[in-house]
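Q: One structure, pasted below without further comment.
The values are calculated or read from the model by the stated rules, or taken from the named source; none is laboratory data. All values reported here derive from a predicted model rather than from experimental measurement. Cβ placement follows ideal geometry from the backbone for every residue including glycine, while neighbour counts extend to all protein chains displayed. Note: accessible area is taken over every heavy atom of the protein model, side chains too, but ligands, DNA and RNA are not part of it. Shrake-Rupley method; radii C 1.70, N 1.55, O 1.52, S 1.80 Å.
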Amino acid sequence: MTSFVPWDSQPLAEWAQQHARGKFIGLDGHQTHYIEKGEGEPVILIHGFFYDTHMWDDNIDALAEHFKVYVIDLWGFGYSTRENLDVGYPLYSRQLSLFLDAMKIEKANLIGQSMGGGTIVHYAANYGPEQLKKVVLVEPSILPNKVPAMGQISILPGVGEFLFGMNSNFMRKMTLGNTFIYKKELLTPAYVEKVTRFQKVENSTRIMLRILRKKFFFTLENEVRQFGEMEVPTLVVAGQQSAGISPELSRQVHQIIKGSQFKVYD
């Protein structure tokens, strides 16, 4: 039996050398980790809060049969930088803009889940739609919404640090089960270990708690209305049993974005 590796204990460079699956590029002097696979039109996948590129493990190969797929780790997640940056949608839309330019992508299809979807909308509102071909927003964190219970508990001073600093998988498994994963049989020890492995990197928990405490997830009502006028072909996707962002909230995003399509999956 292997010994437990404490959270926030591993130097980024060493942990990335062991576990990162992709490439690295410097953007504004900050390391960005990304996976690149396939050929054709570019599709960029942007994960949501609490996850990294592993969020898209069931999608990468299927999309790569038809597209050039890029899967990026936002700063503070995966194997991208752990510097103490000013986390928020302005930072992440800046990272997306820099990545598009660095890859010399003139026009891309963007797919983002939760915080990743909010990043796309903020990017469009602040950088324009010129580089956007099609957009998929998966339960985007955009409109005003109640923070899930685990988020409310975690933002209490000292409480988040204590709970997510414990030397066990308990809190992260509970967070995944309460907020992200409806079918509990999917929460195998291997899955939990895989999707939370990046949180072993130094400064990971501090950055995630800072994100929660800034409360920027549900602040893009003006931006999504701007995006809604841009006539970018958009699909909004929701999960029927979603505990984080209700299907009704995703439906409201769909109603704001002119000409968008809406799909709810069971």
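Q: Would you kindly calculate the mean projected area, averaged across all directions, of the convex hull enclosing the Cα atoms of the stretch 1-91, in square nanometres?
A: Across all orientations, the stretch 1-91 yields a mean hull projection of 7.4 nm².
Q: Obtain the nm distance between the two label points defined at E39 and K183 by a simple spin-label model: each point lies 7 Å from its Cα along the Cα-to-C-beta direction.
A: 3.4
Q: Provide the packing ranking of 81-88, 28-35, i.e. peptides ordered by the mean count of other C-beta atoms within 10 Å per residue, highest first.
A: Per-residue Cβ counts within 10 Å, averaged per peptide and sorted highest first, yield 28-35, 81-88.
Q: Here is a further query. Note the full-extension length gain between N167 and K194 as 0.36 nm times their separation in residues minus their Cα-Cα distance, in nm to one decimal.
A: The span from N167 to K194 would gain 8.1 nm if fully extended.
Q: Across the Cα atoms of the chain, what radius of gyration and what greatest pairwise Cα-Cα distance (Dmax) are found, in Å?
A: 17.6, 56
Q: Given a 1.4 Å probe and every protein chain left where it sits, what share in percent of the accessible area of the chain is carbon and sulfur?
A: 53
Q: Tell me, in nm to one decimal, what length is gained between K146 and A62 on full extension, where the rule is 0.36 nm per residue of separation less the Cα-Cα distance?
A: 26.8 nm
Q: Calculate the translational D of the stretch 23-164 in whole µm² s⁻¹ from Stokes-Einstein, where the hydrodynamic radius comes from the Kirkwood formula applied to all Cα pairs, the temperature is 20 °C and the viscosity 1.002 mPa s.
A: 136
Q: Assuming 0.36 nm per residue, please report the length gained on full extension of the stretch K258 to N84 beyond their Cα-Cα distance.
A: Difference between extended and current length: 58.9 nm.
Q: List the relative contact order of the stretch 171-266 as a percent without decimals, with contacts defined as Cα pairs under 8 Å and 6+ residues apart.
A: Averaging sequence separation for qualifying contacts and normalising by length gives 27 percent for the stretch 171-266.
Q: How big is the convex hull of the Cα atoms of the stretch 139-266, per residue, in Å³?
A: 121
Q: If I take R0 = 51 Å and measure r between the Cβ atoms of R251 and R206 in this structure, what FRET efficiency does the formula 1/(1 + (r/R0)^6) give, to the nearest 0.05?
A: My answer for the efficiency is 0.90.
Q: If you don't mind, another one. Taking the Cα centre of the chain as the origin, how large is its charge dipole in debye, to the nearest 20, when only Lys and Arg (+1) and Asp and Glu (-1) carry charge on their Cβ atoms?
A: It comes to approximately 500 debye.
Q: Ignoring everything except DSSP H segments at least 4 long, calculate the 222 nm mean residue ellipticity for the chain; use -39,500 (n - 2.57) per segment, divide by total residues, nearest 500.
A: -10000 deg cm²/dmol
Q: Further, regarding this structure: What's the angle, to the nearest 10 degrees (0 to 90), between helix 115-127's Cα axis and the longest principal axis of the chain?
A: That helix lies at roughly 40 degrees to the long axis.
Q: If you fit an axis through the alpha-carbon atoms of helix 247-256 and take the longest principal axis of the Cα set of the chain, what angle between them do you get, 0 to 90°, nearest 10?
A: With rounding to tens, the tilt is 30 degrees.
Q: With +1 on the Cβ of every Lys and Arg and -1 on the Cβ of every Asp and Glu, and nothing else charged, how large is the dipole of the stretch 1-148 about its Cα centre, in debye rounded to the nearest 20?
A: Rounded to the nearest 20 debye, it is 240 debye.
Q: I would also like to ask the following. For the full complex of protein chains and a 1.4 angstrom probe, list H54, H19 by accessible area with the highest value first.
A: So the residues, ranked largest to smallest area, are H19, H54.
Q: On average, how much accessible surface per residue is there in the stretch 44-137, in Å², for a 1.4 Å probe, leaving out ligands, DNA and RNA?
A: Accessible area per residue, the stretch 44-137: 32 Å².
Q: Moving to a separate point now. How far is the Cα center of the stretch 53-115 from the Cα center of the stretch 129-144, in Å?
A: Centre-to-centre distance over Cα atoms comes out at 13 Å.
Q: State whether the stretch 178-242 is rounded, prolate or oblate according to the following rule on the C-alpha gyration tensor (a ≥ b ≥ c being the square roots of its eigenvalues): a/c under 1.5 gives rounded; otherwise a/b larger than b/c gives prolate, and the remaining case gives oblate.
A: Since a/c reaches 1.5 but b/c is at least a/b, the shape of the stretch 178-242 is classed as oblate.
Q: About the Cα centre of the stretch 147-212, how large is the charge dipole given +1 on each Lys and Arg Cβ and -1 on each Asp and Glu Cβ? Please answer in debye to the nearest 20.
A: Around 140 debye, computed over the stretch 147-212.
Q: With every protein chain in place, what's the accessible area of T196 (1.4 Å probe, Å², nearest 10)?
A: 0
Q: Among V138, V159, V69, whose mean-square fluctuation peaks in a Gaussian network model of the chain (Cα, cutoff 10 Å)?
A: So, out of V138, V159, V69, the one fluctuating most is V159.
Q: Right, here's the next one. Pick from F170, F77, F99: which is most flexible by mean-square fluctuation in a GNM of the chain where alpha carbon atoms under 10 Å apart are linked?
A: Largest GNM mean-square fluctuation: F170.
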